[in-house]
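Worksheet: one structure, shown below.
Rule-based calculations on the coordinates, nothing more; no lab input. Nothing here was measured: the structure is a model prediction, and the numbers come from that model. All Cβ positions, glycine included, derive from the backbone under ideal geometry; neighbour counts span all protein chains shown.
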Amino acid sequence: MAEPTPAYVQSIHLVSAAATAPAEANRLDGISEAPVNMTSDTVDGNYLGSDGWKRTHTTLKGFEIPLSGHHLPTTVSHQLLKTMYLTHAVGYLLIVKDISGAPGAVGTRYPVKATSFEEGRSATDVLTFSTTLTSQGAPVDF
């Protein structure tokens, strides 16, 4: 029987340029969740003479990454995240699985825009945040 794959991520980084490598300075700390939700748009593809059943064709693909966790407003990455939301700028979320891996096996770079940003406080008076990052192109393994 196949074993489940551990959901291990070494680190998550947020950078403003695609060529920027993951580093301690651009690490996005405090994240408790970062699922990557991929979807495809579809259009109806019926034709005259079909058997009356709907058929669809896949068109454009995209993804959303809802992030949430502790808000660390003095860190560069958290400031960049809020700036991306306020200015509609494109940034790059780097999910690192193995920082010492061979090129193409280090992690995945997601080009994103922040389409929502929420700051809050938890019951323990800790600053929290949630944001939604929306795709701006295809993810790339780096």
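Looking only at residues in the stretch 6-57 that are over 19 Å from the mean Cα position of the chain (by Cα) and of a type in the set (Ser, Thr, Tyr), which one is farthest from His71 (Cα to Cα)? My answer is Ser50. When the stretch 120-139 is filtered for residues that are surrounded by 13 or more Cβ atoms within 10 Å (Cβ to Cβ) and either closer than 12 Å to His70 by Cβ or among the β-branched types (Val, Ile, Thr) (or both), the ones remaining, listed by number, are Leu127, Thr128, Phe129, Ser130, Thr131, Thr132, Thr134.
When the stretch 101-128 is filtered for residues that are under 17 Å from Ile31 (Cα atoms), among the aliphatic types (A, V, I, L, M) and not in a strand (DSSP E or B), only Val126 remains. At least 3 residues being surrounded by 12 or more Cβ atoms within 10 Å (Cβ to Cβ) and in contact with a helix residue (DSSP H, G or I) (Cβ under 9 Å, 6 or more places away or on another chain) is the threshold, and among the strands (runs of 3 or more DSSP E) wholly inside the stretch 1-78 those reaching it are 11-15. One residue alone among Gly107, Gly91, Gly69 is in contact (Cβ under 8 Å) with a residue 40 or more places away in the chain and within 12 Å of the chain's Cα centre (by Cα), and that residue is Gly91.
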